[in-house]
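K.L.:
The structure follows.
The values are calculated or read from the model by the stated rules, or taken from the named source; none is laboratory data. Not measured: the values here are computed from a predicted model. Here the Cβ positions follow ideal geometry from the backbone for every residue, glycine too, while neighbour counts run over all protein chains shown.
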């Protein structure tokens, strides 16, 4: 009985257990931060591609389908074709001026590059050039 009590109060071997517990927590925190950074990278890339597609579509000698195709090319090159599935274009007004609006819906990466479809929606706008 005394041997069992003495072993319960002994600290030998506790450093290895503490190291494993702390290591697991630090690994989870690091992976979570990296995943958030990747999700922000995806969002920023999609915003940039939508804005570039809107600028391309707003040119005087261009069209809305050309802007959609430009956005699709940029997203496919940067992130892959699964992120360029749902792209739409339209026109509207902003401050009384006509604008082109490109909207991109794509998955928000939750674990690696895996995420739910059409979770993230971003749009880019550009002032329409007048026809001469």
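K.L.:
So, in segment 85-128, of the ones that are modelled with pLDDT of 90 or more and within 12 Å of the chain's Cα centre (by Cα), which residue ends up surrounded by the fewest Cβ atoms within 10 Å (Cβ to Cβ)?
P.N.:
121
K.L.:
In this structure, does residue 67 turn out to be without any contact (Cβ under 8 Å) to a residue 40 or more places away in the chain, closer than 18 Å to residue 124 by Cα and touching a strand residue (DSSP E or B) at 6+ places or on another chain (Cβ under 6 Å)? Don't jump to the end; show me each part of the working.
P.N.:
Working: without any contact (Cβ under 8 Å) to a residue 40 or more places away in the chain: yes; closer than 18 Å to residue 124 by Cα: yes; touching a strand residue (DSSP E or B) at 6+ places or on another chain (Cβ under 6 Å): yes.
Considered against the rule, which asks whether it is without any contact (Cβ under 8 Å) to a residue 40 or more places away in the chain, closer than 18 Å to residue 124 by Cα and touching a strand residue (DSSP E or B) at 6+ places or on another chain (Cβ under 6 Å), residue 67 comes out as yes.
K.L.:
Among 77, 66, which is the only one that is farther than 19 Å from residue 44 by Cβ and either modelled with pLDDT of 95 or more or over 13 Å from the mean Cα position of the chain (by Cα) (or both)? If you could, list the steps in order and put the result at the bottom.
P.N.:
Numbers: 77 fails: farther than 19 Å from residue 44 by Cβ.
Going through 77, 66 in turn, the sole match is 66.
K.L.:
Next question, about the same structure. Is it true that residue 30 is in a helix (DSSP H, G or I) and surrounded by fewer than 19 Cβ atoms within 10 Å (Cβ to Cβ)? Please lay out each step first, then the result.
P.N.:
Numbers: in a helix (DSSP H, G or I): yes; surrounded by fewer than 19 Cβ atoms within 10 Å (Cβ to Cβ): yes.
Yes, satisfied.
K.L.:
Say whether the condition of being without any contact (Cβ under 8 Å) to a residue 60 or more places away in the chain and part of a helix (DSSP H, G or I) is met by at least one residue in segment 86-97. So that I can check it myself, show each step before the final result.
P.N.:
At the first step, the residues of segment 86-97 found to be without any contact (Cβ under 8 Å) to a residue 60 or more places away in the chain are 86-97.
Then drop every residue that is not part of a helix (DSSP H, G or I), which leaves none.
No, that holds for no residue.
K.L.:
Which numbered condition in (1) more than 27 Å from residue 37 (Cα to Cα); (2) touching a residue at least 60 places away in the same chain (Cβ under 8 Å); (3) touching a helix residue (DSSP H, G or I) at 6+ places or on another chain (Cβ under 6 Å) is the only one that residue 123 fails?
P.N.:
Unmet for residue 123, out of (1) more than 27 Å from residue 37 (Cα to Cα); (2) touching a residue at least 60 places away in the same chain (Cβ under 8 Å); (3) touching a helix residue (DSSP H, G or I) at 6+ places or on another chain (Cβ under 6 Å): (1).
K.L.:
Here's a follow-up. Just one of the numbered conditions (1) part of a helix (DSSP H, G or I); (2) touching a helix residue (DSSP H, G or I) at 6+ places or on another chain (Cβ under 7 Å); (3) touching a residue at least 24 places away in the same chain (Cβ under 8 Å) is not true of residue 48; which one?
P.N.:
Here residue 48 clears every test but (2).
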